[in-house]
Amino acid sequence: MLRNVSYCLALWAATFSAIAIAQDGGQLHGNFSTDAQLYRQDSAIGAVQPPQRLAANAWANLIYTNGNFEAGGRLESYEPALAGYPAGQPFTGSGVGYRYIKFKVSDLEVTAGNFYEQFGQGLVFRSYEERYLGVDNAMDGFRLKYMPYRGVHLKTVMGRQRFGFNNGQVKGVGLVRGFDAEVSLAELLDTAWTSSSNLIIGGSFVSKYQEDRDPLLKLPENVGAWAFRLNYTTPKWNIYTEYAHKINDPSGRNGFIYKDGQALHLNATYSVKGLGISAGAHSIDNMFFQSDRSAPTPFDLNINFLPPLTKQHTYNLPATLYPYATQPNGEVAAQGEIFYKWKKGTKLGGKTGTKLAVNYSTAFALDTTHLGLADDTTRHFGYSSRFFQPGNRQFFSDFNIELRKKVSPTWEFAFTYLNLVFDIDVIQGKPGKHTVYADMFVLEGLHNFSEKNSVRFELQHLDTRQDHGNWATALAEFTFSPHWFVAAMDQFNYVTLDNTFLLDGKTAVEPERVHYPVGSVGYIRHGTRFQVNYGRQRAGIFCVGGVCRAVPASNGLSLSVTTTF
Amino acid sequence: MRTFFALALFTACSFASTAQTRLPSTLVQTMEGKKVDTKTFHNNGKPMIVNFWATWCAPCKRELSTIAEKYDTWQEETGVKLIAVSIDDARSMARVAPYVNGQAWDYEVYLDPNGDLKRALNVNNVPHTFLIDGAGNIVYQHNNYEPGDENELYAKVKALVAKK
């Protein structure tokens with residue numbers, strides 16, 4: 001503990017000396033955020049009071065910039081971490097979780113220490129952080145970025161990944177090395193064609209090294225993966241494709257099979273003012289890529305990122321009850337979406353215009369055939385697959401439609417309908433649970449009392465005969481711009497009163513009827529935000545980007561503070 | 001816990017220090033995939049608003065839709081330009097162009113798919129808005145969005161223009 005405090009004091013002292021330097025033209029800036037919660041026992045919702053009733057996560061980033069030089073660090077504290085946080089390996093104690101220096105010498109940029117980087121869409125390499133989920137696979141090593149000509153971008157990275165946190169970053173055993181090249185023709189060439197259109201060609205190669213200590217299997221110590229991408233754009237069209245291939249990478253995630261992995265992602269969008277259309281599809285086969293073949297969880301030490309092809313909902317029930325996560329071992333998925341705005345003055349547009357959004361996405365298992373053990377029993381290939389061929393099992397589908405209209409200068413309404421199919425067995429790893437079929441309705445209203453004061457409400461209903469049955473949510477949020485807001489929400493979980501209702505094929509003996517009320521107050525001033533919540537929090541799935549973390553049910557008081565300086 | 005307080009104290013004291021005063025030099029992408037250095041953002045000596053948002057962030061979309069209705073007037077009166085920086089990552093960045101066009105927004109839009117600019121400007125969460133004066137100085141910032149916040153922002157824009 002003493003060591004941690006001295007860490008902080010040292011950084012604090014460094015801050016002041018840096019301020020002194022800052023007066024010579026550099027800048028010192030950063031941010032801070034904390035989420036703290038006081039837990040209460042609540043057996044009705046299965047909320048457990050942990051031995052330490054108060055838990056808090058806290059981060060402070062500090063960056064010093066002076067001309068072409070930059071240095072930064074992040075102090076992190078988990079004393080202890082919030083319940084259910086993080087998604088992967090535990091974060092404990094306090095210390096420095098991230099630090100780097102970076103400088104530019106004309107067209108060359110050098111980073112030493114920690115960094116985040118991504119090649120293309122990340123099919124073979126993405127190191128990133130999502131602190132509210134506790135996902136952080138920062139690299140620790142070095143990175144070079146070089147631009148020999150305008151429009152030509154070369155990057156190389158080397159290092160080890162963050163694995164967890166124990167009074168400082170804990171690193172994984174595997175070494176990760178990567179190279180990426182990208183040419184953007186519009187920037188490189190100066191022709192009439194490239195003034196409005198562009199073709200971007202990119203390629204990457206990533207390899208990981210981990211010693212083989214397996215007594216039985218002969219495991220590859222170096223595993224390589226490569227990817228190739230094309231992006232063609234015109235003022236109306238944007239077509240993107242990326243293909244990735246990984247050589248044999250036996251790991252705990254794929255059952256130590258020696259099959260190669262591959263992924264193909266395609267996306268096309270067409271848009272003009274008032275209309276946007278997007279269509280995408282991907283096929284993924286054996287594409288878990290972690291820098292430790294025995295990584296304990298799917299959240300640890302991921303080298304790549306496989307974006308799910310589904311819409312990320314913003315309303316509470318659809319966003320946190322049944323969100324989809326990509327199945328890296330194999331899936332075929334597709335998504336289509338339309339945004340349209342009826343202009344004001346038209347029949348459907350009325351005085352202010354009407355907005356429509358329609359989205360459909362689906363994901364299936366990949367069509368595979370199990371292979372028996374070949375003669376060489378130490379190199380099992382597991383299965384054969386037909387790329388881009390969906391199998392019989394549907395993991396997920398989501399059809400949703402949203403209409404949004406301002407009906408008067410002070411009232412706006414939005415209506416949403418969703419239909420969801422969710423294979424809870426595969427996606428949330430709950431074997432034996434029945435696939436969830438759900439319908440959802442959401443009505444949202446916004447009313448401005450004055451230029452500064454407004455109320456927003458949401459009424460949501462989810463109807464299903466599986467999992468936990470029905471949910472209804474009501475939310476009211478009063479805002480007093482620019483500083484205050486007060487909100488109250490209740491989520492009500494119930495099954496129908498009809499005693500023939502079958503929950504997962506069994507008669508529900510005691511129908512669940514539980515309320516989850518919660519109240520919030522927030523204060524915002526410039527870059528600073530305080531929020532206090534009190535009440536019950538339902539167990540749910542919390543997602544940002546493509547990654548989700550399960551949050552246990554809790555009851556109590558929580559405080560969050562974020563600030564930027 | 002002791003460390004936690006040390007951390008909090010450390011941050012509190014840092015408040016006294018200098019804040020970010022100019023846009024950093026970071027590469028973001030246009031919706032056509034061209035890379036642009038953020039230090040080249042300019043509006044010919046007039047104020048700029050840099051707004052961080054995402055297609056999955058409801059308050060962000062409320063803010064940008066509300067400003068969109070007033071944007072013509074704002075531009076006529078003050079010449080202000082709004083730059084919308086989407087932090088949508090690989091999952092949803094392909095949705096940004098169709099969404100922006102589907103809303104018929106007239107903003108200059110950039111993509112920051114791995115959060116490079118977001119980190120460089122110390123943004124914790126979205127929406128987060130910066131106001132930059134004609135000389136390139138960050139003069140105001142605001143986190144969160146509540147209906148009516150756009151009026152306060154615009155009052156600051158007008159004050160900047162009047163000062164000149």
Cα lying deepest toward the dipole's positive end in chain B, options B:GLN103, B:TRP74, B:GLY136, charges on Cβ: B:GLY136
Most exposed first by the Cβ proxy, i.e. fewest other Cβ within 10 Å, how do A:ASP300, A:ASP107, B:ASP72 rank? B:ASP72, A:ASP107, A:ASP300
Using modelled backbone amide H atoms (1.01 Å from N, in-plane), which distant-in-sequence or interchain residues come within less than 5 Å of B:ASP88's amide H? B:THR55, B:ASP112
About the Cα centre of the range B:23-163, how large is the charge dipole given +1 on each Lys and Arg Cβ and -1 on each Asp and Glu Cβ? Please answer in debye to the nearest 20. 300 debye
Full-extension gain in nm, A:ASN222 to A:ASN68, via 0.36 nm per residue minus C-alpha separation: 51.8 nm
Within the range A:23-105, list the trypsin sites (Lys or Arg not before Pro) lying in a DSSP loop whose Cβ has at most 15 other Cβ atoms in a 10 Å radius. A:ARG40, A:ARG53
Quick calc, A:LYS347 & A:SER196: beta-carbon distance into FRET formula, R0 30 Å, rounding 0.05, result 0.35
From DSSP H assignment alone, runs of 4+ in chain A each adding -39500 (n - 2.57), the sum over residues rounded to the nearest 500 puts [θ] at 222 nm at -1500 deg cm²/dmol
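Among bridges DSSP assigns within the range B:23-163, what percent are antiparallel (round to 5)?
Antiparallel: roughly 60 percent of the beta bridges in the range B:23-163.
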Partner chain Cβ atoms within 10 Å, averaged over the residues of A:268-279 - can you pull that number for me? 5
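I need the shape label for the protein assembly as shown. Rule: rounded when a/c is under 1.5, else prolate if a/b > b/c, else oblate, with a, b, c from the alpha carbon gyration tensor.
The shape class here is rounded.
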Peptides B:22-30, B:146-154, B:93-101, A:381-389 ordered by average Cβ neighbours within 10 Å, highest first: B:93-101, B:146-154, B:22-30, A:381-389
Shielding by other protein chains, A:525-531, mean Cβ within 10 Å: 5
Can you compute the charge dipole magnitude of the range A:308-525 about its Cα centre, using +1 on each Lys and Arg Cβ and -1 on each Asp and Glu Cβ, nothing else charged? Give it in debye, rounded to the nearest 20. 1160 debye
Starting with the fewest neighbours, write out B:ILE132, A:ILE239, A:ILE524 ranked by other beta-carbon atoms found within 10 Å of each beta-carbon. A:ILE239, A:ILE524, B:ILE132
Value of [θ]222 nm, deg cm²/dmol, for chain B, DSSP H segments ≥ 4, -39500 (n - 2.57) each, nearest 500: -11500 deg cm²/dmol
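Hey, fewest Cβ within 10 Å first, where do A:TRP193, A:TRP226, B:TRP56 land in order?
The order, fewest Cβ neighbours first, is A:TRP193, A:TRP226, B:TRP56.
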What is the average number of partner chain Cβ atoms found within 10 Å of a Cβ in B:99-108? 6
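Read-outs: derived from the displayed coordinates by stated rules, not from any lab. Everything quoted here is computed from the prediction, not taken from an experiment. Using ideal geometry, Cβ is built from the backbone for each residue, glycine included, and neighbour counts are taken over all protein chains shown.
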